[in-house]
Amino acid sequence: MNTAKKLVTPTLYTIAKESMESANCDETRALRLMMDRVRHEKGLFESILTTACREWIREIRAAHNSAKWNGTARYVTSIDKTSRGARLEAYAEWALMDTRLPNGKRLGDAMKQDIEDAAETYRKKATTEAHKARWYDLIARKIGSQPVAKVLTEKQLQQLQKDAEDE
């Protein structure tokens with residue numbers, strides 16, 4: 001019986017957490033520990049590269065979606081005279097139908113449930129962001145021109161966070 005050991009690649013979060021714990025929360029030392037581990041653990045670099053690339057792709061997609069939503073997407077018109085007769089070809093560099101939903105589907109391919117799920121995702125996100133905005137407003141009122149850490153304690157920040165939720 002062949003019992004080949006399966007390679008398990010830890011997540012970046014796990015590696016970062018373990019590195020911070022090993023370094024007693026010393027960021028400089030934790031960074032060195034994490035980098036050493038990345039260099040020497042099989043398959044880890046591939047995992048990190050994949051994660052980084054995925055995040056950049058998502059970042060660009062989000063920027064494109066934002067540009068479409070805000071009406072700042074570029075539209076291009078060109079004339080193609082290589083086919084039979086001259087024809088005008090107009091196309092949108094980013095069309096609204098190509099907007100990606102939170103589940104990754106194109107808007108043009110989405111069904112009703114996909115749209116309802118997307119709406120709910122954005123409603124929850126809006127609620128969370130509004131709460132954060134109220135919290136930051138409360139903090140700003142308290143600190144004047146001083147850094148937060150000089151004016152407020154962690155406990156006070158927690159209370160302000162609760163107060164922002166109640167507003």
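The values are calculated or read from the model by the stated rules, or taken from the named source; none is laboratory data. Predicted, not measured: the structure shown is a model, and the values here were computed from it. Cβ placement follows ideal geometry from the backbone for every residue including glycine, while neighbour counts extend to all protein chains displayed.
Some notes on this structure:
- For first residues located in region 46-68 and within 15 Å of residue 101 (Cα to Cα) and modelled with pLDDT of 75 or more, partners that are outside any helix (DSSP H, G or I) and among the aliphatic types (A, V, I, L, M) and lie 6+ apart or on another chain with Cβ distances below 8 Å do not occur.
- Matching residues in region 2-45 - criterion: being more than 30 Å from residue 102 (Cα to Cα), assigned to a loop (DSSP other than H, G, I, E, B) and at pLDDT 75 or above: 23, 24, 25, 26, 41
Quick grid of which residues meet (1) exposed (fewer than 13 other Cβ atoms within 10 Å of the Cβ); (2) under 25 Å from residue 101 (Cβ atoms):
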| site | (1), (2) |
| --- | --- |
| 124 | yes, yes |
| 128 | yes, yes |
| 140 | yes, no |
| 145 | yes, no |
| 153 | yes, no |
| 156 | no, no |
| 161 | no, no |
| 165 | yes, no |
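- Index of the failed condition, residue 78 passing every other in (1) in contact with a strand residue (DSSP E or B) (Cβ under 8 Å, 6 or more places away or on another chain); (2) modelled with pLDDT of 85 or more: (2)
- Of the residues screened, residue 88 is not one that is surrounded by 11 or more Cβ atoms within 10 Å (Cβ to Cβ) and either modelled with pLDDT of 95 or more or out of contact with any Asp or Glu (no Cβ under 6 Å at 6 or more places or on another chain) (or both).
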